[in-house]
Structures are given as structure tokens and as C-alpha cells.
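Readers should treat all values here as calculations from the given coordinates under stated rules, not as data from a laboratory. Note that the coordinates shown come from a computational prediction; the quantities given were computed from them, not determined experimentally. Cβ: placed from backbone, ideal geometry, glycine included. Neighbour counts: every protein chain shown.
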Amino acid sequence: MTDSIASPPISARNLVKRFGDLVAVDGIDFEVAAGEAFGFLGPNGAGKTSTMRMIACVSPVTSGRLTVFGKDPEVYGAEIRGRLGVVPQADNLDLELTVRENLIMYARYFDLAWSEGRKRADELLEFVQLDERAKDKVDDLSGGMKRRLTIARALINQPDLLLLDEPTTGLDPQARHLVWERLYRLKQRGVTLALTTHYMDEAEQLCDRLVVMDKAKIAAEGTPRELIAKYSTKEVLELRFPADEQPAIDGRLDGLADRVELLPDRVLLYTSDGEEAAAAVHRRGLRPESSLVRRGTLEDVFLRLTGRSLID
Amino acid sequence: MSVRTLRIPTRSVRMIERNAMAFRHNWMVIFSGFVEPVLYLLGIGFGIGSLVRTIPIGDGHTVSYAVFVAPALMASSAMNGAIYESTFNLFYKLRYARTFEAVISTPVGVEDATLGEVMWAIGRGSLYSVGFVIVMLALGLVASPWAILAVPASILVGFAFAALGAALTTFVRQWQDLDIIQLALQPMFLFSATFFPVTVYPPALRLLVEWTPLYRGIDLVRGLTTGGVGPGLLGDVAYLAVMGLIGVTIAALRLRSRLLK
């Protein structure tokens, strides 16, 4: 990791990816520092996966400049991939091999000796709590177990940079928390993480810094805290009105908060003091079905930046 | 994307290791492809052979019918093993198992994966040929010391068909398309001077048959096992080698544009 001080794990300048007429990534700039957990937050189709694939050296850059460990993926693809761990969006474990064989064979792809591969496979199976399933076929595993095995596989070469494309999409809450916990441990060990997600809680849990992506561009960049401070408020008052009253609300909440957001199913009031805003709503004679005060989240940031929810 | 020069596939051996590992779970399937040409040899080589007795092989020589048919079946078994592996199995890995998507995320590149798959397919074809030549020896169907070269010749036949199969498979969209490949192989197997000499055809048809790859393979292997060795065999070698190189290049280029999007 001698070059990690001189050149950041990932650096992109005016990075573009086109598929025919479709612009998947439209001139984005970002830099990921060593040891950092960096997130790409955005809805489906925002360009997150295309960006990840370019970083993983399996998708040629259309234009702009991308370096991974200071090197050009076009020229040094194999060398760069040797230092990466990749967890793709859809699991692509080897269905013809057992759980343990998947890891051992993957070690071979990185030119590790068989004995070393077996040793690491056993360590990693323990790390992702799959040691008891070592001899099973991959197909017999649950979704969460497959995901953990894919993460273990991505660690077989002890990567300097781990790329995770929607690591917990499709997992139940328990499985997600287990994955998060393992990723957090890796981060503590100094592994640089770059991940995409459309879950704001995942981004808040794992990311030191993130970019919000929308329509192939970066809409904002910062730490979760900075982004929330800049684009949301400390607190948010969520009000639900009976469906027929909802349209009539327009205008009647003016002045009660820094900003009011009318969504199809609820109204959001952005304010530094949610309780006070709720009392003010009542004083105006409005009677919502429910009201909830919560802190501002990245979901609010995204809504503010794009006018849309993260998950449609 | 512009087509860069293909990288030298130094890690292709990894695909062979991977396939060997997967194969250990499913090694029985190998026999089906081996048994078929042996049955043809017994049924037609000896069965029909008891009626035909001898067959002329060009330069005035005649050989028994079984000696005539055996090298053709040896070349065909190399073809069968190679083509089965490079069509059905490759298509499964490409389309359903997404094996290569995982592989190319590592230092193993598309070129490595392509060449590795082709080499594995050659290996299966070669295994059949070696098994078959042992059967031939046991049955006394080898008529020339040149036969020692029949095994490398069959490996070359395997290379040509493995590469052709891999190249064709990159164009395949569904399982039914693979049946079309099988449908093309069947007449080639029956009519490429496998069971009767090419001299029975009218000149135009004969020319056509002589340009099929299996005919070239059979001509080569038969020349070696019967001792009919001449410069014509070098033409066969060149034909098969060129076909293999073109096939593997097309396969690698097509797989790259498909996997590296």
C-alpha cells in the first residue's frame, strides 16, 4: 500500500459512461481516500453500478479520467483487479462448486497457492459465519448467506479496496445488520470501502463520506452529517392527514417551518424544533391523523435535491 | 469501444483448474461421449465390416473396413468431446451460471477465460481420443507406427472444434440454437468420409466434403493410423490450425465485447 499516500484509491475527473445514446454516467468528479468508506447514494438508474463497474476495470471508460490506485484501468486492469475485492449487485457465485471451493478457487484466480487459498477460505468462512456450510452447494444457501459468501470471496485476496454494489439489497433486517457489522469491522481494519446503496440508513451507518447521485450526475457531496445539515434540518415533523383533506393543506402550513414538502401520502415540515411546529399546527386548527417528530436523514437530503424519494 | 490488441492469456490455466474442480462433482457425464464412437466402431466397423471386408485407401493399398472406420471415429470422438464442452457447457456458464462475470473481476481476464475454456474442451476431446486409440490397439486396428502421431493429431482436431464451438456459442441466444449446431454436426459426422471413402461422391460434392473440418481431421488421423502418410496431411494440419486460431480469436473478441460492457 505504498502508493496509497501518493495517489488515492479512486480518483475520477469528468468521468463519462455511455451505452449508445444512453448516458449512464454524465461527467462526475470524486475522490476516495485510503481507509475511507465512501458511498454512492441514489435511486435505481442513477449511474451507481456503471460507476462501480468502471472502477472494477470490467467496463471501459467512455471519456474523462479514472484512476484506481493511481493507475489507468484500461492499461493496468489485471494489476488493479488483483488489489480489489468486488461484491456485485447480483450474486455470481460458482454454482458448480461448494461453498468452500468457491473461496479456494477464487484464491487461485488471484494466483495464491492452493494451501494459502485453503487457509484463507477457512478463516473467511468463520468470519462470515458460514464454516458449518463449507461443504454445501451454493444453491442451498439462503439469500443472506449467499451475500456473506460473496463478501468472503471478495476478501480472499486481502484487497486494499472493497467495492460493494448494493451489498444488502434483498436481505431481511437481521441479515442486513450482520453484513453491516462485518463491513464495519473491515473498515476498522483499514480496508477502503466504496459502496452503492439506495438505502439511506445503510449510507448513514457505513459511509464516512458520500455522493448523492441522480440522473447520471452527482447532486451533492459530503459527510452524512454535513449533507443533512446543509440540505435538511435538525428535525422533521411528519404529518399524515386523511386522504381527502391532504390536497387542502396546501398553503395552510406556510410559515410554520423552514420548508414544507407535500408528498402524496404525508407532509414533511423541516424545522429545528419539531415539537414546537406540531403545537403550531394544532394552534392553526389542523388535526392530522398522526404526527411524528424525527431527525433529518439522507432521505430528506435526497428529496430536497431531487424532489423525489430514493425508493420509488 | 475500440478493439485493443488481445492480451497474452497467461492465466488461462486457472479456468482449467476451475473446470476440473467442478468436474469432480459430476465426472460420470464424461462416459456418455466416449461410449458412442466405441459403439459405432463395434456396430458399423465390425458389423458392416463383415460384409464389406476391404476398402481401398488411395495409393493402391487396401485395408479392412474396421481399420478404415476406426480413425474416422477417433477424430469424431475428439470433435464430440471438444464441441460438447465448448457449446452446451460454455453456453450454460455464459448465460445461466454467470461464471465469467465473477472470473473477470479478478486478474484473470476475458482472454484467459476464453483460452482456458478452449483448452479444457480440447482436454475432453483428447481424453476421448486417447481412450479410443487404446480400444483400437486392443482390437488390432492400428496398421502403422505413424499412429503414434494420431493422438496429437486428434488434439489438433479437438482444438479446431473447441475453438469453432466457442466462437459459435458466443452467437447463441437460447438452448434451441445449440440444436442447430448439433443438426449441422450430424450430417458432417455421417458424410465426411467417416464410413465410406470420399471417392463415392460426384466431383462437386466431393469438393464440398473435402472442405469440411471433420473431413480434414479424419483424413489426417486416418493417414497416420493406416500409414498413408503424404504431404497432403500437412494441408490438413494447416487447415485445422488456422480454423482453431480464427475460432479462438473470434470467441475472445466477442466475449470481451459482451462481458466488458
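Distant-in-sequence amide contacts of A:Asp214, defined by a placed amide H-H separation under 5 Å and a gap of 5 or more residues or a different chain, comprise A:Ala219. Legend: mean number of C-beta atoms from other chains within 10 angstrom of residue C-beta atoms, peptide B:85-98, equals 1. Taking a ≥ b ≥ c as the square roots of the eigenvalues of the alpha carbon gyration tensor, region A:1-112 is oblate, as a/c is not under 1.5 and a/b does not beat b/c. The stretch between B:Arg24 and B:Thr249, if pulled fully straight at 0.36 nm per residue, gains 78.1 nm over its current Cα-Cα span.
Exposed loop sites here mean chymotrypsin sites (Phe, Trp or Tyr not before Pro) with a DSSP loop assignment and at most 16 other beta-carbon atoms within 10 Å; chain B contains its longest site-free run at B:28-170. Legend: mean number of C-beta atoms from other chains within 10 angstrom of residue C-beta atoms, peptide B:102-115, equals 6.
By the rule of a C-alpha distance below 25 Å, with chain neighbours fewer than 8 residues away ignored, the lysines paired with A:Lys217 are A:Lys17, A:Lys48, A:Lys71, A:Lys230, B:Lys261. The shape of chain A comes out prolate: with a ≥ b ≥ c from the C-alpha gyration tensor, a/c is at least 1.5 and a/b beats b/c.
Among A:Gly85, A:Gly255, A:Gly27, the largest mean-square fluctuation in a Gaussian network model of chain A (Cα springs under 10 Å) belongs to A:Gly255. When only Cα pairs below 8 angstrom with a gap of at least 6 residues are kept, chain B shows a relative contact order of 27 percent. Rg of the Cα atoms in region B:13-259, relative to 2.2 N^0.38 Å, amounts to 1.02. Averaged over the residues of peptide A:94-107, the number of Cβ atoms from other protein chains lying within 10 Å of each residue's Cβ is 4. Here region A:236-263 is scanned for amide nitrogen atoms under 19 Å from the site 7 Å beyond the Cα of A:His282 along Cα-to-Cβ, giving A:236-242, A:253-254, A:256-257.
Length gained on full extension, B:Val35 to B:Ala241, computed as 0.36 nm times the residue gap minus the Cα-Cα distance: 71.5 nm. When chain B is treated as a GNM with alpha-carbon contacts under 10 Å, the residue of B:Ala204, B:Ala251, B:Ala160 showing the greatest mean-square fluctuation is B:Ala204. For region A:233-296, taking Cα atoms only, Rg and Dmax work out to 10.4, 30 Å respectively. Under the criterion of Cα pairs below 8 Å and six or more residues apart, the relative contact order for chain A equals 20 percent. Short-range pairs are left out: with C-alpha atoms under 8 Å and at least six residues apart, the relative contact order of region A:2-148 is 20 percent. Principal axis extents of the Cα atoms in region B:55-195, from largest to smallest and rounded to whole angstrom, are 57, 30, 24. Our helix-only sum for chain A, with -39,500 (n - 2.57) per DSSP H run of n ≥ 4 divided by its residues, gives a mean residue ellipticity at 222 nm of -10000 deg cm²/dmol. Inter-label distance, A:Arg18 to A:Arg65: 2.1 nm, where each label sits 7 Å from its Cα along the C-beta direction.
Ratio of the protein assembly as shown's C-alpha Rg to 2.2 N^0.38 Å, to two decimals?
1.29
Taking 0.36 nm per residue of separation and subtracting the current Cα-Cα distance, fully stretching the chain between B:Met188 and B:Leu139 would add 15.0 nm. Using R0 = 51 Å, the C-beta based FRET efficiency linking A:Glu275 and A:Glu132 works out to 0.55. For region A:170-312, the calculated P(r) over all alpha carbon pairs, in 5 Å bins from 0 to the bin holding the longest distance, is 2, 9, 17, 18, 16, 14, 11, 7, 4, 2, 1, 0 percent.
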